[in-house]
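See below for the structure under consideration.
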């Protein structure tokens, strides 16, 4: 039995190598997930590390937990104002786009490979979702971004298309092993999972904001534990009642991010760190699970599947899904087609057939692993080139967001002085309850001449003087909250005071 000291030493070394490799990935322009996987493969039994690991059950459990927090962090960090204009486009790509991709790849695999139709469709379903994190890590390493609505559209699609891929994968496994009788039985199952996932996600998103703002914990360090427990509750409760827990946690994160809540900026950073930890642990585990020597026999199959995916299935799915949205230029459609990189989710889903005892599960896992690596390396390395050739590249915005309660930095809007009027909408309310826009920060609060550093739980009072960083419509909204009295229920006239 391995001693605890050696176990911790191994974990520490691999974690340290993974963190350091993220810096190397920026220099090389290679997504970090590839380096994480390579570290896991080198540490495995076929590599110099020699670690024996062949436990797909543990890999699946770890992958599921990791996905929960990765999806929640993705939803929480998504800016609702940016994705709202492309909501329908993203929703169609995340649902119909995944189905069309799976059907096209599935039939190609069925006619060329020695797979049954269900096995071919299972392979296709596993690789049907995209990973925008890989795309933006490559763009960030080249110090470029994408113009217009491309970035929010790709973020929304990749963040919300995993539940559909997971549903297709588990449903096809059920058909193969006999747990599901007929394909028509999947329709009510699909409706139930998506409906419950959407409802519970919406409820939990609103509920989380209320709980965070009302619980008033004495220690700042307990807030990340609170949100972590709520994320697990959202998934477990939804899944236990027959809903799609992955959809629920993504929508809960998206819904929570729309609201103002205590320690918002720091909690977003906390969950981003947790998501990185989950990704590293997941990729290292999956890297240990794969045997590089077993990838060589599937090189031909993997190249064929990857070619169909990149040059046929993804472009056709995007073309069909975006037909109703005529305002999207053709060059943007081309770019969307090419940046459909495969990422972490397909490799996690590839463990599902292993656990379920599907006959060709080993081949499916190795093919998926090869397809993901090829997609990231081939498509990923060419994304900056395509963005420049299509004229869709833009300079990467390097201006950092100000931390909570801090404003007035060089390059940001100048501070504006406001006074809270007694009887106004803000009087007697927590700052978090005002649901201020993301581009508005209260830097300093002065009460009776004494400066106070405001936080989300700070209760405003009449006479408070605020130094805020805001402009335009956001500043007008804040003025209406702090400088206008609320209209009484009896219809009386409210006063108005200017500072």
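Bear in mind these aren't lab numbers, they're just calculated from the coordinates by the rules spelled out. What you see is a predicted model, and the numbers here were worked out from it, not measured in a lab. Cβ coordinates were reconstructed from backbone atoms using ideal geometry, including for glycine residues, and neighbour counts include every protein chain displayed.
Taking the C-alpha atoms only, the angle from helix 361-389 to the longest principal axis of the chain is near 50 degrees. With the simple spin-label model, which puts each label point 7 Å out from Cα in the Cβ direction, the residue 316 to residue 241 separation comes to 3.9 nm. Compared with the direct C-alpha span, the chain from residue 190 to residue 331 gains 47.4 nm at full extension, assuming 0.36 nm per residue. Express the Stokes-Einstein translational diffusion coefficient of the chain in µm² s⁻¹, to the nearest whole number, given a Kirkwood radius over alpha-carbon pairs, 4 °C and a viscosity of 1.567 mPa s. Roughly 53 µm²/s, to the nearest whole number. For the chain, find the longest principal axis of its Cα atoms and tell me its angle to the long axis of helix 56-77, 0 to 90°, nearest 10. Helix 56-77 sits at roughly 30 degrees to that axis. Remark: spin-label model distance residue 46-residue 116 equals 2.7 nm, labels positioned 7 Å along the Cα→Cβ axis. Using a cutoff of 8 angstrom between alpha carbon atoms and counting only pairs six or more residues apart, the relative contact order for segment 13-395 works out to 32 percent. Take the alpha-carbon centre of segment 174-224, take the same for segment 437-476, and report the distance between them in whole Å. Using only Cα atoms to place each centre, the spacing works out to 35 Å. Extension gain for the segment residue 388 to residue 480, taken as residue separation times 0.36 nm less the Cα-Cα distance, is 28.7 nm to one decimal. Placing pseudo-labels 7 Å out from each Cα toward the beta carbon at residue 147 and residue 80 gives an inter-label distance of 3.0 nm.
Compared with the dominant principal axis of the Cα atoms in the chain, helix 98-112 is inclined by about 10°. The length gained by stretching the chain between residue 447 and residue 88 to full extension, at 0.36 nm per residue less their Cα-Cα distance, is 124.6 nm.
A helix-only calculation puts the chain at -19500 deg cm²/dmol for mean residue ellipticity at 222 nm, using -39500 (n - 2.57) for each DSSP H run of at least four residues, averaged over all residues. Listed peptides 191-203, 113-125 appear in the order 113-125, 191-203 once ranked by packing, highest mean of other Cβ atoms within 10 Å at the front. Each of 22, 160 has some number of other Cβ atoms within 10 Å of its Cβ, and from fewest to most they run 22, 160.
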